[in-house]
Amino acid sequence: MELKGLGFVPLLLVFWCAAWLATSYIVTVVLGHAASPLMSISDVGNSFPENILLRIGFIGMSIGTLVLTFLIYKYMVMHTEEFRGHQVLIQRILLAIVWASCFATAVMHVLSPKEYPRIHFVSTIISITCEALYYLGQSIQMYKLPGAKKVIHHSRCTCCGLAFTCAIFYFGYKTLQELFYDDDEDWDEIREITTIIIEWVMLLLILINIVTYYSTMQRLMLTVSRNSCKLSLRVRIDDFGV
């Protein structure tokens, strides 16, 4: 059995993320568990039942990201083995980085921030920074491939560069907040607005970047062998470009 084109994988991942996040957000507002309808992602799901929805959503997103990034890894290996063999090592490093991000995301939402504040804080930083770093590194590697469509890769590099910048800023901001917390209402409002802007902008940039992999995944075919029940991936012969 063959699936000609795997473009549904990134689209399904983006749809899943948007669906569960919108559902959790609406439930939080409707049940009155938020002080304001305008809130950051980290403020969504602090109470039952939306916290269960949020955990299921993030764990599902982690699994989807594992699948997508593995497919990207296989796609890149097919190219780099032919053109630049040493790039395979870079792909393995990038894969390890994004899988570390997925693991940190799962830990972040399995452990309660109230009971394990430090672990939750560190997991958040690892999750956000590693995912932004992966997509930035992968967009640069794809840009180097022969026949790459520059418009798509310019969009990827721009989104990933901005997301990584936001991640670094978010890391520094959260660290300073942990070290020099000032219980002042004016500063609390500024911190809340800053967190809302950074988190939603980062999420939007990451989702846009994931959508750009639609054309890449469409150039893959998934072959299932009935005899050995093995999965194999190969680039479509009639469309080898990125």
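Below are the figures for this structure:
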{"read-out": "Subset tally (residues that are aliphatic (A, V, I, L, M), open to solvent by 50 Å² or more (accessible area, probe 1.4 Å), more than 22 Å from Asn209 (Cβ to Cβ) and in a helix (DSSP H, G or I)) for region 8-32", "value": "3"}
{"read-out": "Of residues in region 199-229 being modelled with pLDDT under 85 and of a type in the set (A, V, I, L, M, F, W, C), the one surrounded by the fewest Cβ atoms within 10 Å (Cβ to Cβ)", "value": "Cys229"}
{"read-out": "Index of the failed condition, Ala35 passing every other in (1) part of a helix (DSSP H, G or I); (2) free of Cβ contacts under 8 Å to residues at least 60 places away in the same chain", "value": "(1)"}
{"read-out": "Count - residues of region 35-45 that are surrounded by fewer than 19 Cβ atoms within 10 Å (Cβ to Cβ), of a type in the set (A, V, I, L, M, F, W, C) and farther than 25 Å from Thr212 by Cβ", "value": "2"}
{"read-out": "Filter result (open to solvent by less than 80 Å² (accessible area, probe 1.4 Å) and of a type in the set (D, E, K, R)) within region 139-174", "value": "Arg156, Lys174"}
{"read-out": "Count - residues of region 103-138 that are in a helix (DSSP H, G or I) and either open to solvent by less than 40 Å² (accessible area, probe 1.4 Å) or closer than 24 Å to Ile152 by Cα (or both)", "value": "21"}
{"read-out": "Verdict on Leu68 being part of a helix (DSSP H, G or I), touching a residue at least 60 places away in the same chain (Cβ under 8 Å), touching a Pro at 6+ places or on another chain (Cβ under 8 Å) and not charged (D, E, K, R)", "value": "yes"}
{"read-out": "Any hit, region 94-102, residues being within 19 Å of Ser47 (Cα to Cα), surrounded by fewer than 19 Cβ atoms within 10 Å (Cβ to Cβ) and without any contact (Cβ under 8 Å) to a residue 40 or more places away in the chain", "value": "no"}
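The values are calculated or read from the model by the stated rules, or taken from the named source; none is laboratory data. What you see is a predicted model, and the numbers here were worked out from it, not measured in a lab. Positions of Cβ are backbone-derived with ideal geometry, glycine not excepted, and every protein chain shown enters the neighbour counts. Ligands, DNA and RNA are excluded from the accessible area calculation, which covers all protein heavy atoms including side chains. Shrake-Rupley method; radii C 1.70, N 1.55, O 1.52, S 1.80 Å.
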